[in-house]
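Structure first, then comments.
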Amino acid sequence: SPPPPPQHYNNNGSTKTRHPRVLVTGSLGQLGSGLVKELRSMYGAENVVASDIRKAPEEFMANGPFVYADVMNYSALERIVVDWRIDWIVHYSALLSAVAEKNMAMALSVNMAGFQNMLELAKVHRLRIYSPSTIGAFGPSTPKDNTPDLTIMRPNTIYGITKLHNELMGEYYREKFGVDFRSARYPGILSADTPPGGGTTDYAVDIFHHAVRHGHYDCFLSKDTRLPMMYLSDCIKGTVEHLTYPTPLPQSVYNLAAVSFTPEELTKEIQKYLPHFTISYPDEARPDFRQAIADSWPATLDDSMARKDFGWKEEFGMENMVKLMLDKIQAQVA
Ligand code: AKB
C-alpha cells in the first residue's frame, strides 16, 4: 500500500527538510476554505497562502496569509510565487458547468487562460501543481456506467471542454517539461457550510437547505438523473493524499468517486429524517438547461486506479452523508 504523506518537504534535493509553501487559488470557493484549513494544520498557517479576487471574511484573514490573486495576470501571480517562495500550487479558480455555459467568454479566460498561467508558472519555477478536473470532462459518447480513467472523452459543454483541455495540457507539460502536474476528476461535492458555485450537481446541496428550511424543494433535474457525488471532507482527504504523495504517480489524472444517486433516491433518504419533505421535478416537455449537461455525464465512475495508486478510500456513503448534512443545516437554522 502507498506510503503515508510526507511530514516534510525536501526542496531541490537538499538534505534539510522543511514544509512546502503552498499557494491556493480560488480559496473562498466551496472547496478552497476547507483545503486551506487542512493544509495549514499540516504545514503551519504561514506555509499556506490563500488567495482569491474577493475580500476574505475576518476569520479567514486571522488564520494565515491571504492575498489577492487574479489568475489572468501572469506577472502578478509570479510576484506572489517569488515573494512567498511558493513550492506547490493548488489551483481551484474556475467557472463551474452551469455558469460557464452562460458565460462562455469568461469561462474560456478563467478556466483555460488562467490555468495556462498557473501551468507556465509551475514550469518556470519548478512547482508541483494540483488542479482538479471533473466528471464534466466526459461527454455523451462516454460509457455511462463505471466510467474508467481512460475512455472516450468528447465533452459538449464549455466547462467540460476547458477541463479536458487542461488535463491534456497538464499531461503535455509533465511529459515535455517534467512539471509535476496532478489532477483528479471530482464528482459533485456536498457541503453544508460552503455553498457550491454554479454547477449542475448543486441540486444535491440546495435540496438539504430547502428540506430543512421550507420542507419542499423544486428540483431542476429529473428524478432519475444519476450522478457521482462525494462529501466535502472526503474530497479534501483525497486531494491531500494525492497532492502530498511523495513522488509523481503513474497517471497525471485520476477519477475520484464515492457514491452515485438520483434526486429520487436522495429524497427518500432525506425523508427518513424529515418524513413531510416533498420534492417536485420539471415538466418533461420543458427541462431545465442543466438536464442536458447532467445527461452528458457519467452515472457512476470507476476510480480503482486512485484506490490502487495513492490509497484513496472515502469515509462517507449515502447514509452517513445525508445524516451529517441534515444535522449541520439544522444546527445552522436553530
Ligand atoms: C458542476 O456541477 O459543474 C461541478 C462538477 C461536477 O464539476 N460540481
XL table 123/308; 37/176; 55/144; Cα-Cα > 32 Å flagged, in table order, is 37/176; 55/144
Crossing angle, helix 74-83 versus the chain [Cα axis fit, 0-90 degrees, rounded to tens]:
60
Sort 219, 235 so that the residue with the fewest other Cβ atoms within 10 Å of its own Cβ comes first and the one with the most comes last.
219, 235
Full-extension gain in nm, residue 331 to residue 307, via 0.36 nm per residue minus C-alpha separation
5.2 nm
Against the empirical 2.2 N^0.38 Å scaling, what ratio does the C-alpha Rg of the range 190-329 come to?
1.13
Measuring from label point to label point, each 7 Å out along Cα→Cβ, what is the residue 268 to residue 249 span in nm?
3.2
Expressed as a percent, the portion of alpha-carbon pairs in the chain spaced more than 26 Å apart is 47
Least to most buried among 297, 84 (fewest other Cβ within 10 Å first):
84, 297
On a full-extension model of 0.36 nm per residue, what is the gain between residue 54 and residue 216, subtracting their alpha-carbon distance, rounded to one decimal in nm?
55.1 nm
Using the alpha carbons of the range 42-95, what is the convex hull volume per residue in cubic angstrom, as a whole number?
96
Based on the Kirkwood radius over alpha-carbon pairs, what is the Stokes-Einstein translational diffusion coefficient of the range 50-173 at 37 °C with 0.692 mPa s viscosity, in µm²/s?
209
Quick check: residue separation of residue 175 and residue 42 times 0.36 nm, minus the Cα distance between them. What number comes out in nm?
44.9 nm
Using all Cα-Cα distances in the range 134-234, what percent lands in each 5 angstrom bin from 0 up to the longest?
2, 11, 17, 20, 18, 14, 9, 5, 3, 1, 0
Estimated inter-spin distance, residue 206 and residue 102, nm [label 7 Å along Cα→Cβ]
1.0
Using alpha carbon centers only, the range 197-221 is separated from the range 40-93 by a whole-angstrom value of 31
Find the relative contact order for the chain and round it to a whole percent, using C-alpha pairs within less than 8 Å whose residues are 6+ positions apart.
18
Principal-axis tilt of helix 32-43 within the chain, Cα atoms, nearest 10 degrees
40
If you line up the long axis of helix 232-244 against the longest principal axis of the chain, both from Cα atoms, how many degrees apart are they, to the nearest 10?
20
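Every number here is computed from the coordinates shown, using simple stated rules; none is lab data. Remember, predicted model here, so these are calculated numbers, not experimental data. When we count neighbours, we look across all protein chains shown, and the Cβ atoms used for this are built from the backbone with ideal geometry, even at glycine.
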